[in-house]
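The values are calculated or read from the model by the stated rules, or taken from the named source; none is laboratory data. Treat the numbers as computed from the prediction; the structure is a model and nothing was measured. Note that each Cβ is placed from the backbone with ideal geometry, even for glycine, and that neighbours are counted across all protein chains shown. Please note that ligands, DNA and RNA were not included when accessible areas were found on the heavy atoms of the full protein model with its side chains. Shrake-Rupley method; radii C 1.70, N 1.55, O 1.52, S 1.80 Å.
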Amino acid sequence: MDFAHLLKPDAPSDAPLFEQIRSALIEAVRTGSLPAGTRLPTVRDLAGQLGLAVNTVARAYRELEAGGVVETRGRFGTFVASADPAEATMTQAASAFVAAARSVGLSKPEALRYLDAAFDSPGA
């Protein structure tokens with residue numbers, strides 16, 4: 001698999017390089033380009049393929065692992081996790097949102113107005 005092409009950072013982007021790699025990998029997992037169980041290159045190998053510092057790729061991998069997108073299996077390497085990367089995060093966030101809305105007495109339609117406004121705001 002051509003990871004360098006799949007995860008190539010966009011030089012003109014304002015986003016930090018580790019964030020570009022993290023986002024590209026998440027997108028590849030969500031679209032099925034990187035199916036669950038796919039073994040990723042080592043940090044050193046991917047850094048070499050992309051022409052980046054090892055620490056940049058290592059940070060992207062650490063954040064992906066913390067988010068449950070990838071899992072490290074010791075000396076066997078880093079693999080795409082078997083779960084949808086958004087599933088656990090969004091389930092937890094949705095539960096917290098519902099709890100907050102209920103605590104201030106909002107109905108579902110009233111609470112969804114806040115969610116819609118947040119999605120439509122320029123900073124979102």
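What to note about this one:
- Separation in nanometres of the label points that stand 7 Å from Cα toward Cβ, at LEU6 and THR42: 1.9 nm
- Folded to 0 to 90 degrees: helix 87-103 orientation relative to the chain principal axis, Cα: 20 degrees
- The modelled label-to-label distance between SER23 and ALA86, using points 7 Å beyond Cα along the C-beta direction, is 1.5 nm.
- Using a probe radius of 1.4 angstrom, the carbon and sulfur fraction of the accessible surface of the chain is 56%.
- Choice from PRO16, PRO109, PRO35 showing the highest fluctuation, given a GNM over the chain with Cα pairs closer than 10 Å: PRO109
- Considering only alpha-carbon pairs that sit under 8 angstrom and 6 or more positions apart, the relative contact order computed for the chain is 21 percent.
- Take the Kirkwood radius over Cα pairs of region 3-80, plug it into Stokes-Einstein at 4 °C and 1.567 mPa s, and you get 105 µm²/s for translational diffusion.
- Label point distance in nm, ALA93-ALA58, each placed 7 Å from Cα along Cα→Cβ: 2.9 nm
- Multiplying the residue separation of LEU106 and PHE79 by 0.36 nm and removing their Cα-Cα distance gives an extension gain of 5.5 nm.
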